[in-house]
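The values are calculated or read from the model by the stated rules, or taken from the named source; none is laboratory data. What you see is a predicted model, and the numbers here were worked out from it, not measured in a lab. Cβ: placed from backbone, ideal geometry, glycine included. Neighbour counts: every protein chain shown.
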């Protein structure tokens, strides 16, 4: 296989570990703290996790450990969407296993959780592992979005694990995947199996975090990749001086990516979905923010700008959320009948009978392209696929109409030429930054240490991340501690609570203090490409979000 010069150089990079994990394994001891309670719904969660609720926080420190050299068979799963650094999690896990006992084996389940269910795997060797160190992607074993949720799937998973003689399964994924890990751990214990389950926190959206999980891996690399692209567009906008760029970014449930990219690049406008929801901002009010900046900049001769939009914004605007909910409910009942209608106009007439007057008026007045996306792009359950809606085009279209009205009134005399962009897949498989390479390797090595310590239903935790790597703290957090109960498909289920942007948090407050100035003045920042070689202040810095949250 032909490889680039950069990739060859990245193979040689040696990820940094917390000081305690650099010790000989027999000199690393497990320290257990107080029993941990869930964030809410403790009573209900105790019923769901009768065997695995109430475990203590775990931390590794210098000490004695005589059991770390046992021969182990461990399975690893990449679950959900890709995130930079996944290969390094597996590398850290692999190296830990082999350091503990050279005869230990690592089974990589192919295609995500379905690999465990269907007993499809590859045994990972040193030769295989060395082809993927410090590289982006999940292509070493592939990923998938299958959930282990039915009795047959749980039973098949246990059957596979027993047949392979596994001591543990490591699930690398986001909030849903680690919820699955917790349920699988409970199932194993309930059925008398000693097979352990350990999770690792992955998602570029940045919404899997708490006091002990300071950030999810991949977020650092993804936002730096997007910020490079945004900075390039800002430089272009400031050069051409005639285009407004509307940039949609990943982040359906939380706006961490948009906020971090704003802090790194200083766009004219950045919407934060959580703020829109809290303030109950209407679509008209969102457009007011855009047109106000466009008019003010035009009045000073600046007919250009950059706007950042989280992909989930449309669901946080109250009237749009109501419309989507009513469409989902209607399709749940009349989906087959609706699917037989070919004409867009006839589809509108059909819906007039089933959705509210306000929602119907909104739907028929939306740009036709957006309305068609709302009606046609649906998931297998009949729900609107919000990520496929061109929110940037919706805002452009309505802003154009509003500016035309203002021009007729003599309020606006500028020019409004636009481009829409969506940065999503561009960031998911980038070569991990030094931070993510180090963090992910540490997470994987820590996962091995949790297995060696005999723990189950934990998620690997590495914290104190704004300090140099040698000062990082390695340990584990009970998965049940991160849970709450949420309504899913009409049933209350235990799920890991998503971490949304905190409007009273330091990152958002820092953004708010600057945004009025950025809206009118050209204050762009150009972070450039991710740097892998050079001084630590250039190559190893964490995100601005993490620095602001931890200082």
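Some notes on this structure:
- Residue list for the range 235-246, restricted to those being surrounded by fewer than 24 Cβ atoms within 10 Å (Cβ to Cβ) and closer than 27 Å to residue 81 by Cβ: 245
- For the residues 204, 198, the requirement of being within 18 Å of residue 545 (Cβ to Cβ), crowded, with 24+ Cβ neighbours inside 10 Å and modelled with pLDDT of 95 or more singles out 204.
- Test: residue in the range 248-259 that is out of contact with any strand residue (DSSP E or B) (no Cβ under 8 Å at 6 or more places or on another chain), assigned by TED's automatic domain parsing to the domain that holds residue 388, free of Cβ contacts under 8 Å to residues at least 12 places away in the same chain and part of a helix (DSSP H, G or I): no
- In summary, residue 242 fulfils each of the numbered conditions (1) assigned to a loop (DSSP other than H, G, I, E, B); (2) more than 23 Å from residue 452 (Cβ to Cβ); (3) not assigned by TED's automatic domain parsing to the domain that holds residue 542 with the single exception of condition (3).
- A residue that is modelled with pLDDT of 95 or more, assigned by TED's automatic domain parsing to the domain that holds residue 199 and farther than 24 Å from residue 145 by Cβ can be found somewhere in the range 73-85.
- Residue match in the range 401-417 (condition: without any contact (Cβ under 8 Å) to a residue 24 or more places away in the chain and closer than 30 Å to residue 537 by Cα): no
- Search result, residues across the range 269-292 that are in contact (Cβ under 8 Å) with a residue 12 or more places away in the chain and either in a loop (DSSP other than H, G, I, E, B) or in contact with a strand residue (DSSP E or B) (Cβ under 6 Å, 6 or more places away or on another chain) (or both): 269, 270, 271, 272, 273, 280, 281, 282
- Test: residue in the range 91-106 that is closer than 25 Å to residue 222 by Cβ, in a helix (DSSP H, G or I) and touching a strand residue (DSSP E or B) at 6+ places or on another chain (Cβ under 7 Å): yes
- Scanning the range 404-443 for residues that are under 14 Å from residue 86 (Cβ atoms), in a helix (DSSP H, G or I) and under 18 Å from the mean Cα position of the chain (by Cα) yields a total of 6.
- Of everything in the range 326-358 that is more than 31 Å from the chain's Cα centre (by Cα) and crowded, with 17+ Cβ neighbours inside 10 Å, the residue that is farthest from residue 401 (Cα to Cα) is 338.
- Residue within the range 65-72 that is out of contact with any helix residue (DSSP H, G or I) (no Cβ under 6 Å at 6 or more places or on another chain), at positive phi and outside any helix (DSSP H, G or I) present: no
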